[in-house]
Structures are given as structure tokens and as C-alpha cells.
Amino acid sequence: MFLREGPLVRKGIGHDAVVLLSPDDVAPLDVQGRDGRSPFFIVCDHAGRVIPRSLSALGLSEDELASHIAWDIGAAGVAQRLGAALGAHTVLQRYSRLVIDCNRPLDAADSIVPRSEKTRIPGNQNVGPGAAEERARAIFHPYHDEIRTALDQREAVGLPTVLVAMHSFTPVFMDAARPWHVGVLYNRDARVARPLLEALRGEGDLVVGENEPYAAGDLTDYSIVQHGERRGLPHVEIEIRQDLIADGRGQDAWAERLARVLPAAISALPTASTPPSR
């Protein structure tokens with residue numbers, strides 16, 4: 001049984017919407033510091049947990065949508081504070097990764113997940129190609145087009161760029177505790193990751209993971225691969241444990257820490273003082 005009220009929606013779940021966003025839905029991304037001259041360019045792929053109205057909360061409860069399955073808790077607060085401290089252009093994705101994961105290739109099996117950890121996602125069962133394409137058109141592409149355009153503009157005016165992807169991770173996943181306070185992720189290019197690992201370990205009060213609790217890769221990451229590696233830009237992905245940044249105080253502390261160690265980590269990079277090249 002289908003109801004047509006604006007977008008085409010399956011009653012109660014809405015996973016077959018053919019027009020995803022209505023005029024009442026928020027824009028898919030938020031940008032701060034657009035004119036920032038800092039070499040740092042910050043992205044936050046899982047900043048928000050908004051679900052388009054046409055998807056009827058994907059059939060999930062508010063508690064489920066507030067949990068780590070829907071977003072990277074605390075990551076947006078750190079990204080915004082860090083961007084302000086560094087004077088950096090910062091781009092944040094507002095919609096939940098359960099709608100579509102903006103840090104996965106579109107052909108990845110977990111681009112639109114039917115299950116996250118132990119939670120079944122009712123609105124993601126049997127999502128057809130047309131509905132998946134609409135999610136990409138409305139959310140994935142505007143976010144990455146914004147990043148791509150901004151990086152093109154920086155290159156055109158000779159502004160050096162170091163890409164920082166900000167994420168967070170749950171302290172316990174599939175009943176396994178994670179000991180790290182922070183993880184530094186990279187794929188093929190460790191120009192920023194290596195000195196950042198050294199700087200964070202030198203803080204003396206942190207358990208620092210190298211490609212932990214996740215390892216970056218072509219199939220599991222999109223932003224640093226597409227916007228970093230393939231452009232030849234120095235880059236790094238940072239994962240902070242969510243219990244450390246669940247409130248403003250923790251977000252302040254981590255933004256202050258990263259604003260101190262990141263400039264030191266890139267100080268020896270030729271690309272920190274010369275324009276990037278492809």
C-alpha cells in the first residue's frame with residue numbers, strides 16, 4: 001500500500017521515496033569558515049543524525065537515532081571548534097549515515113546498511129536502485145561536490161591544503177571494549193599520519209591507535225581517498241572515542257589539543273608552504 005503525499009512513500013517506513021528531500025527538510029551540509037586561509041581543510045562525514053521526513057525515521061526509535069549507529073557522536077562539535085581555532089574551511093554532513101554513508105563509495109555493500117551493529121534498519125530493507133540513487137543525488141553528491149569545488153578553488157589560487165577528516169568511534173562495539181582514546185587513520189599516504197601519531201603519543205596521557213579501531217582503505221573510506229589521495233593532497237583521518245567528546249567540555253579539550261598538535265605535525269611538509277599539485 002502506497003500513499004502519495006508529496007514524495008512517494010511506503011506507509012510507516014518510507015524506504016521507497018522517489019523524492020527524498022522536501023522544502024521542509026534541512027540542507028544536506030553545513031559550511032563554516034568558507035574564506036579561511038588556513039592550510040587545514042576539515043570535513044566531517046558523519047556529523048549529523050537527521051533523517052528526511054519522507055523516510056519516517058527509517059522505522060527507528062529516537063533512542064536508536066541518538067546512538068552511535070546513526071552518527072559520529074561529538075565529531076561535529078570537535079570539527080567546528082577545531083575549524084574555528086585554526087581558521088579552517090570546514091564542511092559537515094547533516095544527514096545520518098543510515099540514510100547513506102558519505103564516507104563509503106556508492107557501490108560499497110555498506111553504503112546503505114540494512115543492519116548496523118545489532119540493530120536492524122527497517123527503512124533500509126530492500127532499497128531499490130532508484131531510491132538509492134535519489135539518496136545519493138540529494139545527500140551524497142551535494143556534500144562531496146561542495147568539498148570538490150572548494151578544493152578546486154583553493155588549488156586555482158595556490159592555497160596549500162591539508163585535508164583532515166574528523167570522526168568518532170563508540171567505546172564498545174559488538175560487546176568488545178576499545179582501549180584507544182584516539183585513532184590516526186591513513187591508507188597509502190602517511191605524510192600527516194606519521195608525525196601526528198608521534199605528536200599524540202608524545203602527549204603522555206593517551207592510548208593512540210594506528211589505523212585503529214578501523215583501517216582506512218579504498219572500500220571503507222571515501223573522503224580521504226577521493227579528496228586526499230587522488231588529488232595528491234596530504235591528509236589524515238582522526239577517530240576520537242565518543243565518551244571523551246560527548247559534551248562541550250570534552251569537545252573543547254580535544255579541539256584545543258588538535259589545534260596544538262596538527263600544525264606541528266605538518267610543519268615539515270613541503271606542501272604546507274607550497275601549492276598542492278595533482
Any chance the stretch 69-81 includes a residue that's modelled with pLDDT of 95 or more and in a strand (DSSP E or B)? no
Test for Ile224: is it under 17 Å from His89 (Cβ atoms) and either under 14 Å from the mean Cα position of the chain (by Cα) or open to solvent by 60 Å² or more (accessible area, probe 1.4 Å) (or both): yes
Residues of the stretch 78-88 being on the phi < 0 side of the Ramachandran plot and open to solvent by 10 Å² or more (accessible area, probe 1.4 Å), in sequence order, are Gln80, Arg81, Ala84, Ala85, Leu86
Just checking, how many residues over the stretch 227-248 are farther than 20 Å from Arg97 by Cα, assigned to a helix (DSSP H, G or I) and either of a type outside the set (Gly, Ala, Ser) or open to solvent by less than 10 Å² (accessible area, probe 1.4 Å) (or both)? 5
Do we find a residue being within 20 Å of Gly48 (Cα to Cα) and under 14 Å from the mean Cα position of the chain (by Cα) anywhere in the stretch 109-118? yes
Scan the stretch 49-68 and tell me whether some residue there is within 24 Å of Gly228 (Cα to Cα), in contact with a Ser or Thr (Cβ under 9 Å, 6 or more places away or on another chain), assigned to a loop (DSSP other than H, G, I, E, B) and touching a residue at least 24 places away in the same chain (Cβ under 8 Å). no
Quick check: anything in the stretch 176-191 within 14 Å of the chain's Cα centre (by Cα) and open to solvent by 50 Å² or more (accessible area, probe 1.4 Å)? no
From the option list Gly158, Gly202, Gly183, single residue qualifying as of a type outside the set (Phe, Trp, Tyr) and in contact with a strand residue (DSSP E or B) (Cβ under 6 Å, 6 or more places away or on another chain) is Gly183
With respect to Leu163, determine if the residue is closer than 14 Å to His235 by Cα, touching a residue at least 24 places away in the same chain (Cβ under 8 Å) and open to solvent by less than 10 Å² (accessible area, probe 1.4 Å). yes
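The values are calculated or read from the model by the stated rules, or taken from the named source; none is laboratory data. If you're wondering where the values come from, they're calculated on a predicted model, not measured in any experiment. FYI the Cβ positions are ideal-geometry reconstructions off the backbone, even for glycines, and counts take in every protein chain you see. These accessible areas exclude ligands, DNA and RNA; they are computed on the full protein's heavy atoms, side chains included. Shrake-Rupley method; radii C 1.70, N 1.55, O 1.52, S 1.80 Å.
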